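J.: The structure is given below, and queries will be raised subsequently.
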Amino acid sequence: MSTSRTVAPGSLPIRLFTCGTEPEFTRSFTYHSGLENLPVLSNHIPSEELDLIRNGPLGVLLRFYESKFLWSARIVHELLVNQLVTNKKYEFWTLCGGQAMRFSLKEFKIITGLNCAPYPLENVDVEGDPKFWRRLGLMDAENQEDMDVQKQEDMDAENQEDLNAEKQEDLDAEKKEDMDVEGDPQVWKRLGLRENKGLSYSTIEEKIKDCKDWGEKDRIRLVYLFLVFRLLLARHPGKGIASKAVYLVLDRKNFEAYPWGRVAFQHLIKSVFKAKPDLSQNSYGVNGFVQVLQVWAYEAIPAIGKKCGNLMKNMMEFPPLLRWKGSRKRFRYDILQNKELVLVKGVMDNNTDDVWVDEEHDVRVENMILLISGSTGKIFEKHFWEDKGLLEGPKKMVEEEDGQPHNEESRPLKKKHNDDALKAYFVSSMEQMAEKLHKGFSTLVDAVVKNFDSRMETMQVSIKEIQETSKNIETRMYKFEAVKGVKETGLVREELVKDNGSQEDTTCSNKPSGKNPEPFSKYELKDISVDDLSTEDDLPTEDDSVDCKGYSVCSLGQEESCAKSLSDTSSLRDRNMKKQLDKFATSLKALVAKDKPINKEKRSRKLTAQLKSPFTSNNDVINKILTEDRPRTVYDPFEPVQKTLVTALDKWMARNLTIRGGSSGEEVGKKFFKDLRTPQKHISNQHIDAAMALFRRRSLVSPCPYRGGRIAFMDTGFAVAIGHNYKEFIKDTKTYKWKSGAIHYYTGELPSAGCTHKRLGQDVDDIYMVLHIKTAHWAALAISIPKRTIHVYDSIIGYANSKEMDGYVQPYAQMIPYMLKAFAPEKEQRMSVAKYKISKPTKIPQNVITGDCGVYAIKYIECLALQCEFKGLDDAHIKEIRAKLAAEIFDESKNIDLY
């Protein structure tokens, strides 16, 4: 198709701002239809009623309200500052890359899907429901009196006494069938509403939060008011709503059929045109459903929609308003403006029927529509539009080489270079760049070679040290083999064991004839330790080889006796040697595996419901599952404490020493363990954390003694954090921002003492923690993630009644599901956030003589983790239980920090 490159001057609209002076987006954009600050309807309105609205004619508003659409003021700002000036009252035109785009009632209808039909010829006359108005707080004596006067004057003027009587009968019938209104029917005449002095926007939000006791009809009416006047016709929250508009909600059928789309568009376009003079100011605002303009940009300019729109392909059957999720990605609108050809949808609906009776006529707009339709054989080009606009915007600031901003007009014009000069400059620049690159590369190569030589020298020194170490090890092994050979051959020294040089062994007393040999003390059999093997003076040489010449071999009886003596000494030596080597191997293993993740065991397999059926025959699968036994090192939590541990603790307490805690850095000493060992002594959160850290340390052993290792022991910090943040969480569960420590508890980095690096819900199935109840009581919580249950183990049932206990446990039942979902991998984000079921077992040991509830809670958790019974947990044995717990904590704390 041939195109003409010229149009008649003045045949197209002019710009609002002169080209190049459009105000940049550095100002405050005020709007009132934001979704982030509105109350969550699902927290206050039953889901059945919301479903009823969602599937109705205004359901698109509720769906959009629930979609968490992300607002981008930058996109709408660019549309506004690039608009064209026309005479149209109900059409908004803007430019993008030299292409004109129209936003009218037709585009609004396509985007929202709302009813945009003409207004009804007759106003709907609906009398009010006094019960509903009282709930909205609109029935006051002054308004009632004014309404009575106004109604009486209207009736006297029209002489409608008969009609009034008939209308009264209809209202009485409607009252019985539908409205269910208490009181005198004459109250309909005293609704207490005067035009433009009715309900306010902020009042609707307040009533939403306080309507749980309302009836279903009244709640639906309130939600309709909220969606229409707080979202569709958004204004400042302090503004009032016209009483005539509020009257419509009393008749649901008429309210849903009302052309709210036309009302919303008219409200929005009026505010857009009103904001023209303020676009270059520090701040401006737009009322109404401004998000429609953003979605219109996504639909009309595919380049913006692709980059910033976040299209949801599973919502294609809905209107465009619900297809886009929006984003706040940055983009360069000026790049689109500078392109020669930008693909846009100038007009979404080519229907030329007039939809407004009072619309103004504009020839320039008709010319644009002809160009868009292609009927003139021309297309839009940038030079069609005059650069001069109606307004002059602020001069754009650009940065010069000195880093300071300057106006574009103040920049000196660059001198034009001819081709030869430009070519010479280019060649010179390239030569300089090549020289710099060569010099830099040479310097880099020299540095690499120098570094390589240094590393080679270091490696040679390291190899030499390794060779010396290997030689020392061979020498030490020679000594060990020499001692071992003495044991195996049965050769006996005349003096096997000396005690200060006075005592001799008479078991093997046969001596050789002649001169006594030199003392064999260099090879005296003694306990060999790592320190002994580290001295070169004791190492044997070639001249010190074992020589049996001059010695007689023991007789059979003597040999057995000597062998027994040697065996006892050698056993002690071997045990010490083994102990030293085991300690070294443990340290080496810990060093090597320091940065490796903790071994995370898999869930043990269980029979399904079908395999558990008595009608299922035995097969290999069932037998394999039943006989599959994961190795577990199970200990008895109630076995007597080792006396050596108690003795060690007593000696330490006698010295009045202290141990520094690992998590808080506090020093604990004699009092800490004394309180823990004293029956009926209330223990603190430090004791609880120390015990839980002890269990965590034990759970790191492979194989794990606790439930296959899929377990987490939380400290009191986790319990306090959940309880402290619950009030903030319950305000808005979906938008609650988790504190930084929550992710560390989820990943197993907290608690820090004995951290497991096991993720909740992924590597952990069961969570155990101790909860502080009221002022002086502890209870154990066993939380099962797969079963979604919380079992409360209380050693003093009745200290807190059932309702009080539920109140303490409720934060964990509600917040833990949301916490798991918030930090779970993306593929598991669909997990349920329904609160966990709370149960309180009663057939458990009780602390009759109170004061030991904390120790009971600790032992509850230990037994549950070991999957053993509570047999042995009672007040009669509480002293021994406390002593054992204190000794075990102290024994473990000698090497690591537990609390």
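J.: Just to be sure, is residue 855 under 14 Å from residue 769 (Cα atoms) and either at pLDDT below 90 or assigned to a strand (DSSP E or B) (or both)?
T.: Details: under 14 Å from residue 769 (Cα atoms): yes; either at pLDDT below 90 or assigned to a strand (DSSP E or B) (or both): no.
Answer is no for this residue.
J.: Is at least one residue of the stretch 285-305 over 29 Å from residue 204 (Cβ atoms), outside any helix (DSSP H, G or I) and polar (S, T, N, Q)? Steps first, answer last, please.
T.: Pass one, the stretch 285-305, residues over 29 Å from residue 204 (Cβ atoms): 297-305.
The next check asks that each one be outside any helix (DSSP H, G or I); those that pass are 301.
Retained after the next criterion (residues that are polar (S, T, N, Q)): none.
The answer is no; no qualifying residue exists.
Matching residues to (1) of a type in the set (A, V, I, L, M, F, W, C); (2) buried (at least 21 other Cβ atoms within 10 Å of the Cβ):
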residue	(1), (2)
691	yes, yes
709	no, yes
720	yes, no
723	no, no
731	no, no
735	no, no
772	no, no
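J.: Would you call residue 281 closer than 29 Å to residue 87 by Cα and assigned to a helix (DSSP H, G or I)?
T.: Details: closer than 29 Å to residue 87 by Cα: yes; assigned to a helix (DSSP H, G or I): no.
Judged against the criteria, residue 281 is not a match.
J.: Determine which member of the set 156, 125, 148, 129 is buried (at least 20 other Cβ atoms within 10 Å of the Cβ) and at pLDDT below 85.
T.: Values: 156 fails: buried (at least 20 other Cβ atoms within 10 Å of the Cβ); 125 fails: buried (at least 20 other Cβ atoms within 10 Å of the Cβ); 148 fails: buried (at least 20 other Cβ atoms within 10 Å of the Cβ).
Within the list 156, 125, 148, 129, the selection yields 129.
J.: Checking the condition under 22 Å from residue 697 (Cβ atoms) and among the hydrophobic types (A, V, I, L, M, F, W, C), which residue from 857, 876, 834 passes? Outline the logic, then answer.
T.: On the way: 876 fails: under 22 Å from residue 697 (Cβ atoms); 834 fails: under 22 Å from residue 697 (Cβ atoms).
Within the list 857, 876, 834, the selection yields 857.
J.: Do you know which residues across the stretch 40-86 are part of a loop (DSSP other than H, G, I, E, B) and either within 30 Å of residue 213 (Cβ to Cβ) or over 32 Å from the mean Cα position of the chain (by Cα) (or both)? Talk me through it step by step, then tell me what you get.
T.: In the first step, residues of the stretch 40-86 are kept if they are part of a loop (DSSP other than H, G, I, E, B); the result is 40, 44-46, 55-58, 67-72, 82, 86.
Once the filter is applied, which keeps residues that are part of a loop (DSSP other than H, G, I, E, B) and either within 30 Å of residue 213 (Cβ to Cβ) or over 32 Å from the mean Cα position of the chain (by Cα) (or both), the stretch 40-86 yields 40, 44, 45, 46, 55, 56, 57, 58, 67, 68, 82, 86.
J.: Another question, if that's okay. Tell me, which residue of the stretch 296-346 that is without any contact (Cβ under 8 Å) to a residue 24 or more places away in the chain and acidic (Asp, Glu) is least open to solvent (accessible area, probe 1.4 Å)?
T.: 334
The values are calculated or read from the model by the stated rules, or taken from the named source; none is laboratory data. Bear in mind that the values here come from a model prediction, so they are computed numbers and not experimental data. Cβ atoms come from the backbone with ideal geometry, glycine included; neighbour counts cover every protein chain shown. For the accessible areas, the whole protein counts, side chains as well, though only heavy atoms, and no ligand, DNA or RNA atoms are used. Shrake-Rupley method; radii C 1.70, N 1.55, O 1.52, S 1.80 Å.
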